[in-house]
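So the structure is just underneath, and the comments pick up after that.
The values are calculated or read from the model by the stated rules, or taken from the named source; none is laboratory data. Only a predicted model underlies this, so the values are computations on that prediction, with no experimental measurement involved. Virtual Cβ from ideal backbone geometry, glycine too; neighbours counted across all protein chains shown. Heads up: the accessible areas ignore ligands, DNA and RNA and are worked out on the full protein's heavy atoms, side chains in. Shrake-Rupley method; radii C 1.70, N 1.55, O 1.52, S 1.80 Å.
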Amino acid sequence: MTETESSQSLSATMQPPPLLTVKDVTKVHRQGEVEVPVLRGLSCVIPERAFVFIVGPSGSGKSTLLYLLGALDAPTTGEISFGSLSLNRMTADERDRYRREEVGFIFQNFNLLSTMSAVDNVLVPSLPQGTSPEKRQEAVELLKRVGLGHRLTHRPGQLSGGEQQRVAIARAILKRPKLVLADEPTGELDSENGRQIFQYLRELQRERGSTVVTVTHDERYFEEGDVILEIRDGRIIPSS
Ligand code: ADP
Ligand code: MG
């Protein structure tokens with residue numbers, strides 16, 4: 001090996017691996033007898049600490065990709081890696097732990113538990129590990145952080161859509177996940193509330209150094225430095 005080659009390979013190995021690497025992933029959904037191919041050899045890289053938008057026409061597989069990244073579903077073929085760990089090759093227990101500890105989910109329709117207060121909703125994902133007064137205090141602080149200090153004991157039905165989604169953000173972020181996945185988190189909100197949701201997501205992402213991967217139809221939410229992944233015909237199209 002020449003000196004140049006060896007220094008190149010050295011610098012290549014010194015690069016931290018991306019947070020997520022998606023390689024040649026296909027996904028075929030099955031509806032009874034019918035096979036619906038959705039992802040057709042999709043590859044992409046999601047850097048650490050990035051703010052990533054997945055865009056594409058309705059039905060193009062944006063939610064499908066998000067579910068695969070969160071290991072809520074498995075690819076038909078291909079591989080997804082989290083750092084140097086392959087999600088496909090994890091045991092069921094390891095995958096459970098990945099979902100529980102590394103990933104925070106935010107859904108379009110909030111998915112809050114209607115009988116529980118805002119604080120208790122934020123604490124729900126921590127229940128398997130057990131909660132503590134410190135954890136509860138952290139949940140309160142997070143709710144204050146997203147402007148809900150005066151809504152701590154309200155139930156979801158007593159909150160507006162924008163407020164419910166802010167509870168969902170606090171819930172997703174409490175365990176300090178490396179990865180936050182948000183499927184059209186502003187889909188049910190008006191543009192002012194939508195803007196605010198992304199503002200909170202960006203602030204928390206910066207403060208906590210997490211990576212956010214989110215789906216939106218609205219280009220107005222894009223900012224300089226964001227990673228935009230556009231799905232067309234089951235693949236990511238190269239950005240111009
Ligand atoms: P998007 O989020 O971009 O609108 P989806 O990922 O939800 O798209 O869906 C992509 C395609 O796969 C759609 O045609 C949808 O009907 C189909 N699909 C999604 N989930 C399933 C499923 N669980 N079973 C069968 N088909 C599905
Ligand atoms: Mg979708």
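Of the strands (runs of 3 or more DSSP E) lying entirely inside segment 138-240, not one contains at least 3 residues that are touching a Lys or Arg at 6+ places or on another chain (Cβ under 7 Å) and without any contact (Cβ under 8 Å) to a residue 40 or more places away in the chain.
On the given criteria, is Val124 assigned to a helix (DSSP H, G or I), out of contact with any Asp or Glu (no Cβ under 7 Å at 6 or more places or on another chain) and without any contact (Cβ under 8 Å) to a residue 40 or more places away in the chain? Answer is no for this residue. Being part of a strand (DSSP E or B) and within 16 Å of ligand 2 (Cβ to nearest atom) is a property that does not hold for Ile80.
Among the residues that make up segment 144-164, is at least one of them in contact with a strand residue (DSSP E or B) (Cβ under 6 Å, 6 or more places away or on another chain), open to solvent by less than 50 Å² (accessible area, probe 1.4 Å) and among the β-branched types (Val, Ile, Thr)?
So the first thing to find is which residues in segment 144-164 are in contact with a strand residue (DSSP E or B) (Cβ under 6 Å, 6 or more places away or on another chain), and the list is none.
Within segment 144-164, none of the residues are in contact with a strand residue (DSSP E or B) (Cβ under 6 Å, 6 or more places away or on another chain), open to solvent by less than 50 Å² (accessible area, probe 1.4 Å) and among the β-branched types (Val, Ile, Thr).
The set of residues from segment 43-63 being within 15 Å of ligand 2 (Cβ to nearest atom) and buried (at least 21 other Cβ atoms within 10 Å of the Cβ) comprises Phe53, Ile54, Gly61, Lys62.
Determine whether segment 66-77 contains at least one residue that is within 16 Å of ligand 2 (Cβ to nearest atom) and among the acidic types (Asp, Glu). Don't jump to the end; show me each part of the working.
Keep residues of segment 66-77 that are within 16 Å of ligand 2 (Cβ to nearest atom), which gives 66-70, 72-73.
When the remaining residues are screened for being among the acidic types (Asp, Glu), the result is 73.
Looking for residues that are within 16 Å of ligand 2 (Cβ to nearest atom) and among the acidic types (Asp, Glu), one finds at least one in segment 66-77, hence yes.
Residue-by-condition table, conditions (1) more than 16 Å from ligand 1 (Cβ to nearest atom); (2) touching a residue at least 12 places away in the same chain (Cβ under 8 Å); (3) acidic (Asp, Glu):
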site: Lys62; (1), (2), (3): no, yes, no
site: Arg97; (1), (2), (3): yes, no, no
site: Glu102; (1), (2), (3): yes, yes, yes
site: Leu112; (1), (2), (3): yes, yes, no
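Out of (1) away from ligand 2 (no atom under 16 Å from the Cβ); (2) more than 14 Å from the chain's Cα centre (by Cα); (3) open to solvent by 20 Å² or more (accessible area, probe 1.4 Å); (4) modelled with pLDDT of 95 or more, the odd one out for His29 is which? So the condition that His29 fails would be (1). If only residues of segment 64-84 that are away from ligand 1 (no atom under 16 Å from the Cβ) and at pLDDT 95 or above are counted, the one that is surrounded by the fewest Cβ atoms within 10 Å (Cβ to Cβ) is Thr77. Scoring Ala74 on the criteria (1) within 30 Å of Gln196 (Cβ to Cβ); (2) small (Gly, Ala, Ser); (3) in a loop (DSSP other than H, G, I, E, B) leaves a single failure, condition (1).
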